[in-house]
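One structure is given here, and the rest of the page talks about it.
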Amino acid sequence: MNLELTPEQTAVRRLAADFTDREIAPHATAWDRAEQVDPGIVRALGDLGFLGLTIPEEYGGSGGDHLSYALVTEELGRGDSSVRGIVSVSLGLVAKTLAAWGDEEQKRTWLPRLTSGEALGCFGLTEPGTGSDAAALTTRAVRDGAHGDWVVDGGKMFITNGTWADVVLLFARTGGVPGHRGISAFLIPTDTPGLTRRPIHGKLGLRGQATAELVLEGVRVPAGAMLGPEGKGFSVAMSALAKGRMSVAAGCVGIAQAALDAALGYAGQREQFGAPIAGRQLVQELISDIAVDVDAARLLTWRVADLIDRGESFATEASKAKLFASEAAVRAASNALQVFGGYGYIDEYPVGKLLRDARVMTLYEGTSQIQKLLIGRALTGVSAF
Ligand code: FAD
């Protein structure tokens, strides 16, 4: 691939970097302490076109390629992973999936609102009893009435954007068939009667993000709420997550870059034994390990973006990028914390938050173990799930 960015990619990256430095990074600690990012950030992201990247302009999107999307995601992740996650879910998992699988009416109804930030989306796959084994989900949708309405009962767990979202892309069992073949996808407005949301507090990281548990009791939706063909919901979910993993990986590059910036800044001005610690070999080892992780994670992520933009298969490469970048982000943040010494352990400095935010990246959208099983299956042809 050509690693030189086009003028458009350079411009969108600069736009995202400026926005991050001005509107996100200065508030990240306060939002983390308050357990909520400023809700106004959603509209601001929409105004800049960051919630519509890769979505065709006819549906209100801002167009652009996946490398631009990765660049913006990295910049947002450098500032605050809670903000980055808003985009990765509402655009990356919901709007992009809708653009790929939706019918004309669904696209016209939701995409302009999602891309402008007027509405926010969330992705409801995980349930209290089913995480990695998502195909075993038990939320059920049953046909009811002459118009082919569906009535949905069940529950969803750990849903990012959950309490803020206007629409949930929800996966439910519609057939008696166990496993992935009996699952369908639905677009359900979150104000539909019978759908309640409970905020989840006390998270280790991503504290600014509105994470929720969803409870569905007799939630009635019209036949037109189904996204994609009946029984194809698991394919819808897996296609969303494959692209989503690139977005998580890009966010992790942002965390690792923030760790590098912070470690370099601190090491240059902190003096011990009569000289800046930046001159100590063991501190340079910590810093160079972070720098290599940043570059390696970024290159793996860009490769996925490039494959998507060229229309080639990318799912296994996305798993590799997500696996490596998430583990690298944790390592990089931990190394940066070490450079800060005791000051890294208090939240007046940014590195502790980077480590807390990074930790979940190895868990969601498929844990590191699940990524290894996906890569292993692709390489050997044998499923070890
Ligand atoms: P489990 O699946 O119970 O796994 C527990 C452990 O067992 C892990 O270490 C796992 O790797 C391991 N394990 C499981 N199966 C195997 C196997 N076959 N071989 C080897 N090891 C295995 N979900 C959504 O649907 N939408 C969201 O927006 C969303 N946002 C999230 C936000 C946060 C902050 C968090 C924490 C989670 C979010 N999730 C979301 C859920 C997330 O995707 C799941 O937590 C994740 O898939 C893991 O599922 P689990 O927590 O049930 O763990």
- (1) open to solvent by less than 20 Å² (accessible area, probe 1.4 Å); (2) in a strand (DSSP E or B): which one isn't true of ASN161, the others all being true? (2)
- Message: Would you confirm whether or not segment 86-102 contains a residue that is touching a Lys or Arg at 6+ places or on another chain (Cβ under 8 Å) and either modelled with pLDDT under 95 or over 19 Å from ASN161 (Cα atoms) (or both)?
- Response: yes
- Item | Residue among ALA325, ALA305 that alone is within 20 Å of LEU206 (Cα to Cα) and buried (at least 23 other Cβ atoms within 10 Å of the Cβ) | ALA325
- Message: Just to check your reading of the model, which residue among TYR343, TYR364 is over 17 Å from the mean Cα position of the chain (by Cα), open to solvent by 50 Å² or more (accessible area, probe 1.4 Å) and among the hydroxyl-bearing types (Ser, Thr, Tyr)?
- Response: TYR343
- From ASP347, ASP306, which residue is farther than 25 Å from ILE159 by Cβ and in contact with a Ser or Thr (Cβ under 8 Å, 6 or more places away or on another chain)? ASP347
- Task: Restrict the check to segment 295-303 and report whether at least one residue is touching a Gly at 6+ places or on another chain (Cβ under 9 Å) and among the small types (Gly, Ala, Ser).
- Result: no
- Considering each residue of segment 158-172, count those that are of a type outside the set (A, V, I, L, M), more than 9 Å from the ligand (Cβ to nearest atom) and under 16 Å from the mean Cα position of the chain (by Cα), and give that number. 1
- Based on what the data block shows, is ALA119 crowded, with 19+ Cβ neighbours inside 10 Å, in contact (Cβ under 8 Å) with a residue 24 or more places away in the chain and within 11 Å of the ligand (Cβ to nearest atom)? no
- Any hit, segment 54-64, residues being assigned to a helix (DSSP H, G or I), open to solvent by 10 Å² or more (accessible area, probe 1.4 Å) and without any contact (Cβ under 8 Å) to a residue 40 or more places away in the chain: yes
- Query: Going by the structure shown, is LEU379 open to solvent by 50 Å² or more (accessible area, probe 1.4 Å), within 10 Å of the ligand (Cβ to nearest atom), modelled with pLDDT of 95 or more and more than 20 Å from LEU264 (Cβ to Cβ)?
  - Reply: no
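The values are calculated or read from the model by the stated rules, or taken from the named source; none is laboratory data. Small disclaimer: the values here were computed from a predicted structure and weren't measured. Every residue, glycine among them, receives a Cβ derived from its backbone with ideal geometry; neighbour counts consider all protein chains shown. Calculation scope for accessible area: heavy atoms of the full protein, side chains included, ligands and nucleic acids excluded. Shrake-Rupley method; radii C 1.70, N 1.55, O 1.52, S 1.80 Å.
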